[in-house]
Structure formats: C-alpha cells, structure tokens
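The values are calculated or read from the model by the stated rules, or taken from the named source; none is laboratory data. No experiment lies behind these values; they were computed from the predicted model shown. Ideal geometry is used to build each Cβ from the backbone, glycine not excepted, and the neighbour counts take in all protein chains shown. Accessible surface areas use protein heavy atoms only, side chains included; no ligands, DNA or RNA. Shrake-Rupley method; radii C 1.70, N 1.55, O 1.52, S 1.80 Å.
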Amino acid sequence: MKKLLVLFFLIAVTVTTDSIAQTTFYDRATVQTIEIFFASSSWDATLDAATTTDTYTIADSVRINGVVFDSVGVKYKGNSSYNASNNKNPLHLNLNYVKGGQDYEGYTDVKLQNGYQDPSMIREVLSYAILEQYMDCPKANFANVYINGTLRGLYSNAEDISEMFCGNHFYSSFGSFIKCNPIGGAGPTSTVNPDLKWINSDSSSYFDGYELKSTYGWNDLVNLINVLNNNFTQIETVLDVDRALWMLAFNNVLVNLDSYSGAFRQNYYLYKDQNDRFDPIVWDLNMSFAGFPGGTGSGSYTATSLDPMSNSTSTNHPLIKKMLADPMYKRMYMAHLRTIVQEIFASSDYITTANTIRTTIDASVQADPYKFYTYTQYQNSLTTSVTGSGPGGGTSIPGLQQLMDARVTYFSSNANYILVAPTISSYAPSTSTPFYGQTITMTVTASNESNVYFGYRFNVDDKFTRLAMYDDGAHNDGVAGDHIYGVNVTMNCSQMQYYFYAENADAGLFSPQRAEHEYHTLSVIIPWPTQGQVVINEIMADNGATAFDNYNENDDWIELYNTTSSAKDLSGMYLSDDPLLLNEWQFPSGSYIAPNSYLIVWVDKDADQSGLHTNFKLSSAGESVIFGNGTSVFDQVDFAAQTTDVSYARCPDAGAFDFAIPTFGVTNNCFAGIVDANNSDVKIYPVPTSDKLTIVSSVNYHFSVIDLMGRFITSGALNNGETILDMSSFNSGVYQVVLTDISGNRWSRTVIKN
C-alpha cells in the first residue's frame with residue numbers, strides 16, 4: 001500500500017490503551033435480566049438430550065432487559081460445569097440462529113456460566129476485570145436468568161469471543177481463528193491437547209486438539225506450531241509475544257490452571273491479525289484463583305506457592321518452555337508478573353473491585369434458588385476455604401483473599417521475583433510539538449541497566465517495532481556512558497504510540513509498566529486542509545467485489561485524495577450524503593491523510609466498527625457526496641446511477657469525474673480496462689488529425705479524452721448530431737475517446753494527434 005492510510009484514534013493522554021466503548025449489556029454495575037421461553041415444559045430434558053450432538057434447541061422467544069427476540073437457539077454448554085442432574089447448567093444463546101440480524105447491542109451470542117466450583121460467585125467476572133488492564137479480553141458481568149417465568153439463578157455473563165470481538169480488538173475479523181479446546185473437552189483421555197506441541201506437518205494431526213472457527217487456518221496454525229518448536233528465533237513474525245507473556249503471567253499469578261498453564265493446556269483462542277501474527281485470547285475464567293482441581297500437569301503443587309517458573313521445563317507446555325528459556329522473554333515475563341502482583345494484589349486493589357461486584361450481586365445471590373453453595377459460604381468466600389458441599393465434592397477451594405495474601409507473601413521471597421530491575425527516571429522527545437515528517441530524538445535516562453529499547457508504532461492496528469537505544473554520544477544522547485540513551489524516529493504519523501524497556505542481566509522494566517497494552521503517546525502537528533487540498537477522488541456505491549473492509553464486508557466506499565505534498569489533518573472534518581446536513585459524519589480524532597496519498601472511508605452505516613466507517617450509506621441509484629468542515633463545502637460530487645463494480649472517479653486524480661474501473665486506494669486510471677470496440681452509433685474522423693476531430697453520434701453520449709498515461713484531458717456531452725473537438729492545443733500522441741451512454745455502458749476509440 002502503502003499510501004493507503006489506516007485510521008487510528010488520537011487520545012490526548014500520556015498513557016493510553018486500545019479500548020472498546022462499554023455497553024450496558026456488560027456493565028459490571030448492573031445485573032442483566034434474561035428470560036427464556038420454551039413451548040414445552042420438558043425443555044430441560046430436551047436440552048440435556050441435545051448435548052450429545054451439541055445442537056441448539058429453539059426457544060419460542062428470549063427477552064433481554066425487556067427486548068424480545070423470536071426463535072432463539074439455546075443449548076447447554078461446558079464440560080465439567082455441565083451435568084444433567086444440575087438444576088442450573090451453563091447456557092449459550094444464539095439470537096440469530098433462526099432469524100438472521102437479531103442482536104442485542106450488536107451481540108448475537110450470549111454465554112452464561114453457572115458458578116460451578118466457585119463459592120465466591122465472582123471468580124470469572126473479577127478475573128476479567130483484572131485481565132482487561134493488561135490484554136484484550138472479554139467483558140463480563142452477571143445476569144439473572146428465568147426460564148418459562150421461573151428464576152433459575154444468577155449467572156456470570158461473559159462476552160463471546162467472536163468475529164465481532166476480533167474486529168473490535170484486532171481491527172480485522174476474517175483472519176485464521178482457532179479455539180484452543182478439543183471438541184468435546186480436554187482431559188486425561190484426550191488424544192491431542194491444544195498445547196502447541198509439534199506433531200508433524202499434516203494439519204489433520206491437530207484436528208482433535210483444536211477447533212477451527214474460521215473458514216481456513218489449519219496451515220497457519222501448523223506454521224505457528226512449527227516456528228514455536230523448530231524455528232523459535234522467528235517467533236515474533238507469527239505470534240504477538242507480548243500478549244502471550246501477559247497471558248502466562250496472568251495465569252501464574254491468579255493460579256488459573258484451567259488454561260494453557262495447567263494440566264490440559266486449553267481455554268484460549270488464537271486469532272491471526274492483519275500483521276500476520278496470532279494474538280492469544282484468554283477464555284473461561286470461572287475456575288481461576290485455584291478453583292481448578294487438575295493441577296499444573298507437572299506433578300503436585302501448592303497453590304499459594306506456585307512458582308513463576310512452573311512448567312518451564314515441561315515438554316507438554318512448549319510455549320512456556322520456549323519463552324522462559326529465552327533470557328529476554330523471561331525478563332519481560334517476570335516484569336509483567338511483578339506488575340500484576342504489585343498493582344492488583346500487593347495494593348489490595350482487587351479487594352475493592354471484588355467488594356464492589358459483591359455489593360452489586362448480593363441480593364441476586366440470596367435469591368438464587370439453585371446456587372451450588374450456601375449464602376453463608378458465599379459471604380465468607382473471600383477469606384475462607386470451602387470444602388465438600390459444592391460440585392467439586394471434596395475439593396478445597398480457597399478464599400480469594402486468603403489465597404492472594406499468601407501469594408503476595410510467597411512472591412516477596414521468590415528468587416526470580418526479587419531480582420532487581422533497572423529504573424527509568426525520565427524520558428522525553430527532543431520536541432513535544434513535532435511536525436509531520438520531522439525526525440526527532442527520543443531519550444531516556446536509566447540506571448542499573450545494561451540495555452534499553454524503544455518500542456513504537458504509528459497506527460493502532462500495527463505491531464510495535466522495537467529498536468535498541470544507544471548511550472554512545474552519537475545519538476543525541478549526551479556523552480557516552482552517562483546512562484542517557486537516544487534513538488531517532490521520523491514522525492510520519494498523526495500520533496506515535498511508544499514505550500521503553502530497560503533490562504540488566506537479571507530483570508527488566510517497562511515504561512509504562514503495562515506496555516505493550518498501554519503506551520505513551522506523542523501527537524504530531526498536522527494542518528487542516530483548505531478547499532481543494534483534499535478532494536473526493538473516487539466513489540463506489542455498488543460494491544460487488546472491488547474491496548472488503550476489516551470485517552470482510554463488501555461495503556460502499558469513498559476515496560479521498562491529498563493533492564498536496566504535506567499531510568493534512570482530517571480530525572473534525574465531515575462527510576455527508578445530504579446537502580442539508582453537512583455534519584452528518586465526523587472524522588474521528590487522529591484521522592489524517594499523508595502527502596499525495598489516498599484515504600478510504602467505508603460508507604456502510606457501521607459507525608460502531610473500528611476504523612473509518614460512516615453512519616450513512618450510499619445509493620447506487622445516485623446521490624451526492626460532500627466533504628467539508630461541517631459548515632462549508634470543500635468538495636461536492638453528484639453522481640448518477642452506478643452499476644456493480646464500476647466506480648465514479650476523477651481521471652486523473654483530482655481531475656474531472658467519469659465512470660471507471662475501480663482503483664481502490666491507488667492512482668485512478670479511467671483508461672485501464674476499457675475495451676476498444678466499434679459502435680455503429682458513432683463515427684470519428686479524421687484519424688489521424690492535426691487540429692479538429694469530428695464526432696458524429698446518432699444518440700446522446702458523455703465523452704472523455706484520456707492520454708496513454710490515463711490522464712484526463714477534456715470531456716463533454718455528445719448530443720444527437722455532430723460535435724467538433726478542437727485538438728490543436730493537444731500534444732502529439734495517441735489518445736482514447738471514451739464514450740459512456742445513459743446506462744453506464746462504455747466504449748473507447750483510439751485517435752492520433754499529429
């Protein structure tokens with residue numbers, strides 16, 4: 001591309017993170033109400049029977065917070081948490097299983113957990129509340145569930161990891177997508193576990209251990225496993241290593257062993273983003289905080305003293321083994337682990353969050369007729385272990401605070417945890433107000449360090465690039481050996497997102513400490529355009545297959561073109577299809593267009609999607625497109641009816657409009673792809689000519705003259721009769737006369753100017 005710019009969002013704070021706006025459906029301060037209605041009173045037996053084939057039973061309707069959905073797919077889910085004798089089983093609701101287009105606040109699938117093996121009732125929701133501070137993960141809260149008018153109890157309500165989730169967090173939704181759980185559940189009898197162990201190059205060897213959620217991706221998974229096990233030096237090309245380290249650190253600190261870090265190495269997803277790297281996503285946290293009885297898979301252990309190096313030599317856990325065998329990754333992993341321990345548990349921050357959640361759900365817990373533990377056990381579950389009365393039989397489930405206070409004490413004397421990391425005392429750019437294209441120096445002052453690195457990216461959907469910084473006196477870093485490190489970077493962006501990482505032989509430190517999930521920002525000064533500097537360059541109002549957006553949808557699109565040699569800020573500018581509503585859709589903060597470059601806006605009425613997606617659509621029957629500042633029109637294009645995959649484009653860029661072969665995000669060339677054909681309705685003579693060209697037409701046409709470089713020369717209307725075209729001022733050469741009738745059909749004739 002890559003002159004086709006991608007939007008990222010400018011956030012005017014020093015430390016920030018990628019975030020998706022909260023919705024009321026996953027608001028932790030509220031308990032949702034979900035009512036399911038079956039025609040049959042034997043619905044429970046029907047759902048039980050359907051578990052053998054993992055199929056949906058059709059509910060007559062489902063009502064979510066008063067909003068009714070007709071004919072909804074319902075099934076029981078879960079492995080150990082499901083039992084036919086339970087009065088309260090986990091549920092999966094598919095709102096558009098029968099009737100497409102049904103969703104609640106954009107969500108089509110509802111995943112409800114029953115509180116199995118959790119006297120506290122909050123393990124899942126609290127765990128996600130912690131995890132969201134360090135990596136992208138589902139949102140979660142609670143719902144009271146009623147079936148045929150009878151309360152079944154309080155459920156945790158966790159966001160489905162779907163294509164929508166991937167689109168919102170990873171800026172595409174059609175990459176290879178793998179659920180790392182064996183179909184039917186993991187266990188001691190599983191033939192293949194989703195442990196990323198290398199078997200062979202035959203993708204079918206992995207079918208029993210993983211579930212493909214996309215239309216393709218087995219070869220990508222095999223390639224990831226091959227690189228991890230057999231070519232580890234290339235791991236950053238196929239895996240987001242930072243997210244993987246956060247996942248492993250989180251699992252260890254919270255003793256979340258129903259995960260990759262436990263005996264069955266499961267309960268996570270892998271999504272391959274547009275940077276060709278797999279992003280790990282944590283899933284199913286109802287048995288975190290040592291609620292899982294299966295252990296680590298490497299012998300006996302004690303939850304309170306689970307070592308950070310657990311499974312670091314396990315051949316069944318190659319992700320852990322390989323990561324912790326790499327000295328830099330081990331230091332990064334321990335830095336992340338320390339951050340979680342210090343910010344969440346040593347500070348007792350999680351107790352505040354836990355008590356807030358408990359206050360929200362207290363009445364619902366009391367009212368739950370089928371909870372697995374008593375209300376007294378729930379009340380004491382922060383500080384007291386529970387044994388025996390729940391579905392785990394004689395399993396002892398520790399109180400949350402009881403466990404984590406002991407974990408904090410254990411870490412305070414753990415040999416790897418107490419290693420002394422460097423400090424970063426200050427950092428600064430050489431200017432706080434850089435201009436687009438300006439090269440600046442980033443400096444950082446550290447101590448107790450051996451190496452310092454600078455990680456940066458220019459767009460939120462890009463991966464971070466990590467560069468070594470230098471304390472050699474040759475990188476605007478002061479004098480050699482003064483512990484001030486420097487690196488140069490050219491600001492071809494509207495905002496740079498960045499972090500620092502310092503390490504010595506023992507330990508490492510990030511700044512900000514939640515990097516790469518959070519980062520520092522530096523905004524770039526880019527001027528707004530004036531009229532004529534940015535124009536509407538191409539319009540596609542009937543997109544069949546010219547291009548697909550980051551959600552794999554073939555929506556309409558508009559291409560803008562920067563006619564100048566300097567970047568232009570589009571923040572606060574507007575697009576509209578209504579001349580009476582010039583401020584219909586506003587470009588988000590941080591939007592810009594690079595010099596002499598193109599920017600695509602998806603005109604799809606999907607403004608809630610990540611990227612540039614408007615709140616209106618175009619009509620293929622023809623209408624107007626307007627670009628401006630909300631009060632003044634900078635450019636307006638009125639187009640007639642479009643046919644599928646024929647755009648309306650300026651020829652050349654910033655020239656006059658004509659129907660054209662689409663050129664998505666690149667130079668327009670209306671001559672390209674036009675078939676030379678005879679048409680008995682038109683006669684053109686003399687050819688060659690030195691001055692005048694006569695065009696005789698028996699019907700009305702629009703004509704354009706284009707040179708062999710695809711550049712627009714002139715255009716006009718051919719009425720029934722004779723038209724004289726003066727070519728005396730044209731340069732000598734070959735030209736195409738392109739004719740377009742009222743139906744959009746096109747012909748071209750070659751003419752020569754002597």
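A few points about this structure:
- Here A363 and K77 are evaluated by their C-beta separation; at R0 = 30 Å the FRET efficiency comes out at 0.70.
- Amide proton proximity set for D653, modelled H, under 5 Å, gap of 5+: N668
- For the stretch 430-502, the solvent-accessible area of protein heavy atoms averages 39 Å² per residue (probe radius 1.4 Å; ligands and nucleic acids excluded).
- With Cα atoms, 0 to 90° folded angle of helix 400-411 axis to the chain main axis: 90 degrees
- Between E236 and S40, the modelled labels are 5.7 nm apart [label points 7 Å from Cα along Cα→Cβ].
- Mean projection of the Cα convex hull over all viewing directions, computed for the stretch 35-148: 7.9 nm².
- Subset of K75/K99; K179/K272; K213/K322; K213/K272; K75/K213 violating a 20 Å alpha-carbon distance limit: K213/K322
- From its DSSP helices (H runs of at least four residues, each -39,500 (n - 2.57)), the chain gives a residue-normalised ellipticity at 222 nm of -4500 deg cm²/dmol.
- Dipole magnitude of the stretch 69-217, debye to nearest 20 (Cβ charges: Lys/Arg +1, Asp/Glu -1, about Cα centre): 400 debye
- Mean Cα-pair separation over length for the stretch 487-532, i.e. relative contact order, pairs under 8 Å, 6 or more apart, %: 40 percent
- Gain upon complete extension [S412, N552; 0.36 nm per residue less C-alpha separation]: 45.5 nm
- Full extension of the chain between S204 and S566 yields a length gain of 125.1 nm, computed as 0.36 nm times the residue separation minus the alpha carbon distance.
- Rounded to the nearest 10 degrees, the inclination of helix 218-230 to the longest alpha-carbon principal axis of the chain is 60 degrees.
- Taking the chain and dividing mean pair separation by its residue count, relative contact order in percent (alpha carbons under 8 Å, at least six apart): 10 percent
- Using only Cα coordinates, the Kirkwood hydrodynamic radius of the stretch 379-490 works out to 18.4 Å.
- In plain terms, the chain from Q379 to E343 could stretch by 10.4 nm, reckoned as 0.36 nm per residue minus the Cα-Cα distance.
- Sulfur and carbon atoms: percent of accessible area, the chain [1.4 Å]: 49 percent
- Compactness of the stretch 535-687 - radius of gyration and Dmax, Cα, Å: 16.2, 57
- Across all C-alpha atoms in the stretch 328-427, the radius of gyration and Dmax reach 18.0, 57 Å.
- Label-to-label distance for T395 and N719 is 8.6 nm, based on points extended 7 Å past Cα in the beta-carbon direction.
- For the chain: Kirkwood Rh in Å [reciprocal of mean 1/r, alpha carbons]: 29.4 Å
- Radius of gyration, Dmax [the stretch 184-245; alpha carbons; angstrom]: 12.3, 34
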